[in-house]
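The values are calculated or read from the model by the stated rules, or taken from the named source; none is laboratory data. Model, not experiment: these values are computed from the prediction. Don't worry about glycine lacking a Cβ; one is built from the backbone with ideal geometry, like all the others, and counts go over all protein chains shown. Just the protein is used for accessible areas: all its heavy atoms, side chains included, with ligands, DNA and RNA removed. Shrake-Rupley method; radii C 1.70, N 1.55, O 1.52, S 1.80 Å.
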Amino acid sequence: MDKNILGLLRLRIKRGINLAVRDYVTSDPYIVVTMGRHRLKTRVIKKNLNPEWNEELTLSMTDINEPILLNVYDKDHITHDDPMGDAVVDIKPYVECLKLAAELEKLPDGCALKKVQPSRNNCLATESCCTWHEGKIIQDMRLKLRNVECGEVVVQIEWIDVPGSKGLANVQV
């Protein structure tokens with residue numbers, strides 16, 4: 001195991017909302033998640049501007065300041081795939097909640113721990129909550145795509161501790 005690993009971040013790529021048209025009246029969207037040298041990809045959903053991926057992608061985290069970029073593309077068979085926008089996942093508010101986790105075990109399921117408001121510094125389309133759920137902290141996000149005329153992506157993040165890893169105890173947020 002990489003001694004620099006802090007833990008794993010599970011991204012649940014849930015769905016797209018009102019994505020941009022790139023093929024006459026529709027698109028064949030998929031998402032590429034990039035963080036440093038890591039690159040993960042969802043499957044292509046054919047002819048759908050409101051795709052349901054419901055896929056889990058897992059990143060090995062070595063630096064919480066490393067940007068996590070989501071790029072949405074339209075799959076083309078003849079030419080290059082067309083960009084359909086991008087968004088950055090800001091995990092710093094989520095990591096702040098994780099650092100409080102030791103005190104949370106008595107909280108009721110569904111309890112909101114932190115609310116993050118949309119701002120110029122993030123890609124949130126609506127308020128996002130870090131929530132205590134079944135003994136874990138999750139954050140649901142609705143991200144507004146940049147560099148495109150329309151579209152949003154709904155994702156959820158969840159931290160997974162890895163035995164023997166550095167963990168988040170000494171990480172500055």
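Things to note:
- In segment 118-134, the qualifying residues are those that are in a loop (DSSP other than H, G, I, E, B) and open to solvent by 50 Å² or more (accessible area, probe 1.4 Å), and the one that is modelled with the lowest pLDDT is GLU134.
- Of all residues in segment 62-89, those that are closer than 15 Å to THR42 by Cβ have Cβ atoms under 7 Å from Cβ atoms of residues that are open to solvent by less than 10 Å² (accessible area, probe 1.4 Å) and of a type in the set (S, T, N, Q), 6 or more apart or on another chain, in ASP74/SER27; MET84/SER27.
- Here segment 22-37 is the region considered, the condition is being of a type in the set (A, V, I, L, M) and open to solvent by less than 60 Å² (accessible area, probe 1.4 Å), and the residue that is modelled with the lowest pLDDT is MET35.
- Of all residues in segment 138-158, exactly one satisfies the criterion of being out of contact with any strand residue (DSSP E or B) (no Cβ under 6 Å at 6 or more places or on another chain) and open to solvent by less than 70 Å² (accessible area, probe 1.4 Å), namely CYS150.
- All positions within segment 1-20 that are at pLDDT below 95 and either over 11 Å from THR58 (Cα atoms) or more than 19 Å from the chain's Cα centre (by Cα) (or both): MET1, ASP2, LYS3, ASN4, ILE5, LEU6
- Screening PRO108 against (1) at pLDDT 90 or above; (2) more than 30 Å from GLY164 (Cβ to Cβ) leaves a single unmet condition, (1).
- Residue match in segment 88-103 (condition: open to solvent by 20 Å² or more (accessible area, probe 1.4 Å) and farther than 20 Å from VAL173 by Cβ): no
- Some residue of segment 78-96 being assigned to a strand (DSSP E or B), polar (S, T, N, Q) and on the phi < 0 side of the Ramachandran plot: no
Each row is one residue, and each column tells you yes or no for (1) under 17 Å from LEU9 (Cα atoms); (2) not aliphatic (A, V, I, L, M).
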{"site": "ASP81", "(1), (2)": "no, yes"}
{"site": "GLY85", "(1), (2)": "no, yes"}
{"site": "ILE91", "(1), (2)": "yes, no"}
{"site": "VAL95", "(1), (2)": "yes, no"}
{"site": "LEU113", "(1), (2)": "no, no"}
{"site": "HIS133", "(1), (2)": "yes, yes"}
{"site": "ILE138", "(1), (2)": "yes, no"}
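- ILE13 being touching a Phe, Trp or Tyr at 6+ places or on another chain (Cβ under 6 Å) and in contact (Cβ under 8 Å) with a residue 40 or more places away in the chain: yes
- Positions within segment 159-170 being touching a strand residue (DSSP E or B) at 6+ places or on another chain (Cβ under 9 Å), closer than 16 Å to ASN65 by Cα and of a type in the set (Gly, Ala, Ser), in sequence order: GLY167
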